[in-house]
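Here the structure comes first, spelled out in structure tokens, and everything after it is commentary.
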Amino acid sequence: MKNVILTGDRPTGRLHIGHYVGSLRKRVEMQNNCDYDGMFIMIADTQALTDNYDDPEKIRGNITEVALDYLSVGIDPSKATIFIQSLVPELTELTFYYMNLVTVSRLHRNPTVKAEIQMRKFDNSIPAGFLCYPVSQTADITAFKASWVPVGEDQLPMLEQSREIVRKFNDIYGNILVEPKAILPDSQVCKRLPGIDGNAKMSKSLGNCIYLSDDSDSIKRKVMSMFTDPLHIKIDDPGHLGGNTVFSYLDAFCKNEHFSCFLPEYSNLDELKEHYIKGGLSDVKVKRFLNEILQSELKPIREKRLELEKNLPYMYEILKKGSENAQRVASLTLAEVKKAMKINYFS
Ligand code: TRP
């Protein structure tokens, strides 16, 4: 069996550091260090439209933002195929065939979909396309016969549903599709980086994100305003790490070499934590340290983005070529699927 990796993001906003530690960083690492037969990274505009159908400008504009974010973190179009979902109509066709393999009640029970329906207050007016997006996601994955899907934890129910659809398809029509597995972020904190306000989720609508494209001043301002330990009032008070956003970010970003560069009085994060818990270490000092780390991590990404922004036609060419390549691969799977379903009439 081939080793194919596929993942995607909805183009509903610029990507932030939660996306970075949750998935983008891993993709770049896999791209550079793993043995694989194909890597596909999809900008999921069709899926984004299922709950943004009334705001097409938003989706269109964010295709560019997400593509710039991909390239600036180091996704290399010579190693990974970056493509736009709607430019591969085979995915829509597969979705329609797969819709027979799942019941409406099963779609309603999908925990991710359920949570999203609640969050969007759809009540009894759920767009049919939205309810079916797990089916479309199954098409995205199976069209490329992807065996590995690097995603955040919230996507696990999606993959479970995809596997069910694949098994049902293979049972009925013959063994054609590949059952995908998730690749999750390495650590708990990377699975869900909190927002700068301490909210469990970093999200655009909550206004608590640090974006990959933020300038240096915004990063500093956001870090210095971050939620810490409300009981740590005087420097000498003992500090707490639970729910302390600054330390969560350090867990996600800090490496030992950051200490020799920016805070040589300590040699590792454990020592810093120990001092904080004991008391006598100020939040400002820890925030300044985190700021240095984030600045050093995000500066090359931002600079690359500024370069890319000067040559948008180059980026559009990458998306165009990538989408053509993706379509070529997806059409092979679609032909197999149609043959298996006995709807390959004249071939
Ligand atoms: N649902 C994913 C998100 O919200 C995006 C996505 C669409 C995706 N198709 C996919 C992720 C296929 C992995 C595989 O970010």
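Here Ser162 meets the list (1) within 14 Å of the ligand (Cβ to nearest atom); (2) free of Cβ contacts under 8 Å to residues at least 40 places away in the same chain; (3) loosely packed, with under 14 Cβ neighbours inside 10 Å almost entirely, failing just condition (3). A single entry from Thr64, Thr81 fulfils the requirement of being within 25 Å of Leu212 (Cβ to Cβ), within 20 Å of the chain's Cα centre (by Cα) and surrounded by fewer than 19 Cβ atoms within 10 Å (Cβ to Cβ): Thr64. Please work out if Ala182 is among the small types (Gly, Ala, Ser), part of a strand (DSSP E or B) and more than 18 Å from Tyr97 (Cα to Cα). So Ala182 passes the test. Residue pairs whose Cβ atoms lie under 6 Å apart, separated by 6 or more positions or on different chains, with the first residue in the range 86-109 and over 14 Å from Val166 (Cα atoms) and the second in a helix (DSSP H, G or I) and not aliphatic (A, V, I, L, M), are Ser86/Asp45; Ser86/Thr46; Leu87/Ser323; Val88/Gln327; Glu90/Ser331; Leu91/Asp140. Scanning the range 281-318 for residues that are among the aliphatic types (A, V, I, L, M) and either more than 22 Å from Thr64 (Cα to Cα) or modelled with pLDDT under 95 (or both) yields Leu281, Val284, Val286, Leu290, Ile293, Leu294.
Quick grid of which residues meet (1) over 20 Å from Cys190 (Cα atoms); (2) of a type in the set (S, T, N, Q); (3) at pLDDT 95 or above; (4) in contact with a helix residue (DSSP H, G or I) (Cβ under 7 Å, 6 or more places away or on another chain):
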site	(1), (2), (3), (4)
Thr7	no, yes, yes, yes
Leu15	no, no, yes, yes
Gly22	no, no, no, yes
Glu29	no, no, no, no
Met39	yes, no, yes, yes
Ala44	yes, no, yes, yes
Lys58	yes, no, yes, no
Ala67	yes, no, yes, yes
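Residues to consider are Pro157, Pro185, Pro180; find the one that is buried (at least 20 other Cβ atoms within 10 Å of the Cβ), within 13 Å of the ligand (Cβ to nearest atom), within 23 Å of the chain's Cα centre (by Cα) and not charged (D, E, K, R).
Result of the check over Pro157, Pro185, Pro180: Pro180.
Evaluation of Tyr316 against the conditions (1) assigned by TED's automatic domain parsing to the domain that holds Asn170; (2) touching a Phe, Trp or Tyr at 6+ places or on another chain (Cβ under 6 Å); (3) surrounded by fewer than 18 Cβ atoms within 10 Å (Cβ to Cβ) shows that the sole unmet condition is (2).
If you check Lys234, Lys278 for being out of contact with any helix residue (DSSP H, G or I) (no Cβ under 8 Å at 6 or more places or on another chain), farther than 19 Å from Gly74 by Cα, of a type in the set (Lys, Arg) and at pLDDT below 95, only one passes: Lys234.
Applying a threshold of 7 Å to beta carbon distances and a minimum spacing of six or more residues, or different chains, the list of pairs starting in the range 143-154 at a residue that is assigned by TED's automatic domain parsing to the domain that holds Met30 and ending at one that is near the ligand (Cβ under 10 Å from one of its atoms) and among the hydroxyl-bearing types (Ser, Thr, Tyr) reads Val149/Thr7; Pro150/Thr7; Pro150/Ser23; Val151/Thr7; Val151/Ser23; Gly152/Ser23; Asp154/Thr112. Within the range 84-109, restricting attention to residues that are closer than 23 Å to Pro157 by Cα and among the hydroxyl-bearing types (Ser, Thr, Tyr), the residue that is surrounded by the most Cβ atoms within 10 Å (Cβ to Cβ) is Tyr98.
The values are calculated or read from the model by the stated rules, or taken from the named source; none is laboratory data. None of the values given here were measured: they were computed from a predicted structure. Backbone-built Cβ (ideal geometry, glycine too); neighbour counts: all protein chains shown.
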